[in-house]
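Just so you know, all these numbers are worked out from the coordinates, no wet-lab data involved. Predicted model only: the values in this text are computed from it and were never measured. Cβ placement follows ideal geometry from the backbone for every residue including glycine, while neighbour counts extend to all protein chains displayed.
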Amino acid sequence: MNRILSLRELGQSIWLDFIERSMIQKGTLQKLVDDGVAGVTSNPTIFQQAISKSDAYSHDLRRLAAETTDPKSIFEGLAIADIQAAADVLRPVYDANGGHDGFVSLEVAPDLAYDTDATIAEARRLHAAVQRPNLMVKVPATKAGIPAIRQLIADGININVTLIFSLDRYADVKEAYLQGLEERMKAGKPVDRAASVASFFVSRVDVNIDGQLDKLSAAHPADAIRYAALKGKAAVANAKLAYAQFEEKFAGPRWETLAAAGARVQRPLWASTSTKNPAYPDLIYVDTLIGPHTVNTMPPQTLEAFKDHGAPMRTVDQDLAGARGALAALAQAGIDMDEVTEELEADGVKKFADSFVDLLNTIDERRKELAAA
């Protein structure tokens, strides 16, 4: 049984949340694509792990280090080569389905997350440098990122909106996408190839809230059972309500006008879907969020687990009353979802920024080692 293809029949695409040069060179990525994987996502943490642990970058590191001592320029040279190579592997997928899938994502520098103009300029520059139609540029869904998303969609650049945690911010993201499409139409430009996904982060919500519930249990032992029953419920509930919001937004006269011109919906993409708590099922953030017009981007371990024992059936729009009830119960327990999601967004930006600094330090150290050798 090919569970990935079973998901495709249910309307969900699987993307790999990982990239590393040797997996492209050895044909590992091609084998995954042959199995049904339809995209690749990357971020600074992924590149930091890949470049620090793989010898596949040594030749290009040596070449680029001879041209410049700037670690960011060296990183971009390495990253763009990987993104181009992965995009070429996935190009047949992109061509076969008319640009619906087959994308590879590259993130703008995370230190630009709070600068709209710089984000726009960086995304345009990366788009021009990669020169692949199946590139998606990742832009964080910060307040500064929202107008950048609108402008970049209007420019005709494919955008993966990342680090979405709250339903309110997700609403802003979808509105920015629609406004960008409308600007293109008004300018007489085509919208039938515009592509975007909205990366809604999942497991980190439970990590944050479960920690709060543990503290409440310790402070109020008499209510410990009630608090324990709420653990592991918030993330999936939050994502299911996001999907309901998606279905509502991409319907009605406004959307039908855009769809008549060939526009595509901005698909929800479930990110951070590996299980962080070993007490939970390893596919808790995969099996529960399956449905039409969605993407799940999985790290390699989660992907292998799903191929082995995943349960491909439509679940993302099941038991919405239960999802609303779970969030209501958390609110009654004193959990403020607005505070949680604001904290997660700030923490997410910081983690990627810290990984980017670590990445540049790793590159600089390797450059010096190669120079000494």
The correct pair for the range 85-188, radius of gyration to one decimal and Dmax as a whole number, both in Å and from Cα atoms, is 13.6, 37
How much FRET efficiency would the formula 1/(1 + (r/R0)^6) give for GLU9 and ASN361, where r is the Cβ-Cβ distance and R0 is 51 Å, rounded to 0.05? 0.70
Given the C-alpha centroids of the range 45-86 and the range 107-132, what is the distance between them in whole angstrom? 18 Å
If you place +1 on the Cβ of every Lys and Arg and -1 on the Cβ of every Asp and Glu, how big does the dipole about the Cα centre of the range 3-372 come out, in debye to the nearest 20? 620 debye
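Compute the semi-axes of the equivalent ellipsoid of the range 208-292, taking the square root of 5 times each eigenvalue of the Cα gyration tensor, and list them largest first in whole Å.
Square roots of five times the eigenvalues give 37, 15, 9 Å.
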Two-site FRET efficiency, ALA129 against ALA228, from Cβ-Cβ distance with R₀ of 41 Å, rounded to 0.05: 0.25
Among MET23, ALA176, THR119, the residue whose Cα sits farthest towards the positive end of the charge dipole of the chain, when +1 is placed on the Cβ of each Lys and Arg and -1 on the Cβ of each Asp and Glu, is MET23
Taking the Cα atoms of the chain alone, what are Rg (to one decimal) and Dmax (as a whole number) in Å? 20.7, 66
Tail beyond 21 Å, pair distance distribution of the range 119-241 (Cα, percent): 50 percent
Show the residues, 5+ positions off or on another chain, whose built amide H is closer than 5 Å to the amide H of MET136. VAL104, SER105, LEU106
Going Cα to Cα from LYS240, which lysines come in below 29 Å? Please leave out same-chain ones fewer than 8 positions away. LYS138, LYS143, LYS174, LYS215, LYS231, LYS249, LYS276, LYS307, LYS350, LYS351
Subtract the Cα-Cα distance of GLU343 and ASP60 from 0.36 nm times their separation in residues, and report this length gain in nm to one decimal. 98.1 nm
Net +/- balance of residues flanking GLU175 in space, Cβ distance below 12 Å, scoring K and R +1, D and E -1: +2
Distance between the C-alpha centers of the range 321-373 and the range 214-249? Whole Å please. 20 Å
